[in-house]
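Note sheet for the following structure.
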Ligand code: HEM
């Protein structure tokens, strides 16, 4: 079976991916301590680290949005029905039978249709929910001065923030599983470290991760 290597993730994308991963894991760990799920750093330190990581993520996302717009890479997230059912069938049945992956990765189409849908959902549902609730949380002390007090409830803000945190956690777990499903266990991980993905000509047994 012929194999070729394609350069799929450039330096900025890899840096963005790993910084984002580190910040989101920090936010999950400190967030669930604030929530009272366990004690580790202590409540006060957990709040300080959480706030610092949240602002760092804001900065990183501003850079990432700028990069996606200026390079045209935002197109990688446009939804498509092309091969959607074939990929859904692969992840629910074919993968357990060792069948080849029905989607072939190219530098212009890095994400299969299910990845596109998942990343877009994170981008337009989970992230806004976590940001908006996080900001209301952060500026709780100013609600009265800003005239927001009659319209907002801390309980609802906390509910939406924690619900979005659970969605982010569910994404992380499935993401880690899918990373192991390339043509070798570490192939997708290697691609996000080196930038290079090995793709096999027919039949293909892997896809760009995640
Ligand atoms: C992946 C991103 C994030 C996750 C997983 C996360 C998770 C959490 C969790 C689980 C809590 C505990 C909530 C409770 O029990 O009521 C929390 C609290 C909080 N989060 Fe986040 N969060 C994230 C992002 C953010 C962002 C972006 C901001 C601000 C812009 C933010 C600001 C806050 C604040 C202010 C609190 C309350 C701290 C306190 O009680 O003083 N979070 N977060």
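How would you rank 20-29, 5-14, highest first, on the average number of other Cβ atoms within 10 Å across their residues? All intermediate terms of the calculation are to be shown ahead of the outcome.
Details: 20-29: 16.6, 5-14: 14.4.
Listed from highest to lowest mean packing, they are 20-29, 5-14.
For residue 175 and residue 142, FRET efficiency with R0 = 30 Å and r from the beta-carbon atoms, rounded to 0.05? Walk me through the intermediate numbers first.
Details: r = 35 Å, r/R0 = 1.17.
Working from the Cβ atoms, E equals 0.30.
If you average the sequence gap of Cα pairs under 8 Å that are 6 or more apart and divide by the length of the chain, what percent do you get for the contact order? Could you put the intermediate results ahead of the total?
On the way: 211 pairs, mean separation 67.5, N = 210.
About 32 percent, as a whole number.
Taking 22 Å as R0, compute the FRET efficiency from the Cβ-Cβ separation of residue 156 and residue 125 and round it to 0.05.
Working: r = 17 Å, r/R0 = 0.77.
According to the calculation, E is roughly 0.80.
Which FRET efficiency value, to the nearest 0.05, do you get for residue 190 and residue 62 by plugging their Cβ-Cβ distance into 1/(1 + (r/R0)^6) with R0 = 35 Å? Spell out each step's value before the answer.
Details: r = 29 Å, r/R0 = 0.83.
Calculated transfer efficiency: 0.75.
Take peptides 190-198, 32-40 and line them up by average Cβ neighbours within 10 Å, highest first, as a rough protection proxy. Don't skip to the end; give the middle numbers.
Numbers: 190-198: 17.4, 32-40: 12.7.
Ranking the peptides 190-198, 32-40 by packing returns 190-198, 32-40.
Add -39500 (n - 2.57) for each DSSP H run of 4 or more in the chain, then divide by its residues: what number comes out at 222 nm, to the nearest 500 deg cm²/dmol? Numbers along the way, then the final one.
Details: 7 runs with 118 residues, N = 210.
Value at 222 nm, helices only, nearest 500: -19000 deg cm²/dmol.
Using Cα atoms only, what is the angle between the long axis of helix 43-71 and the major principal axis of the chain, expressed in degrees (0 to 90) to the nearest 10?
That helix lies at roughly 50 degrees to the long axis.
Give me the log10 of I(q) over I(0) for the chain at q = 0.13, 0.14 Å⁻¹, as the Debye formula computes it from C-alpha points; what are the numbers?
Here the Debye-derived log intensity ratios amount to -0.83, -0.93.
Given an 8 Å cut-off on Cα distances and at least 6 residues of separation, report the relative contact order of segment 93-171 as a percent.
31 percent
If packing is taken as the mean number of other Cβ atoms within 10 Å per residue, what is the order of 150-162, 45-57, 175-187, highest first?
Working: 150-162: 12.8, 45-57: 16.7, 175-187: 15.2.
Result, highest mean Cβ count within 10 Å first: 45-57, 175-187, 150-162.
Values in this text are rule-based calculations from the coordinates and carry no lab data. Given the structure is predicted, the values throughout are model-derived calculations rather than measurements. Cβ: placed from backbone, ideal geometry, glycine included. Neighbour counts: every protein chain shown.
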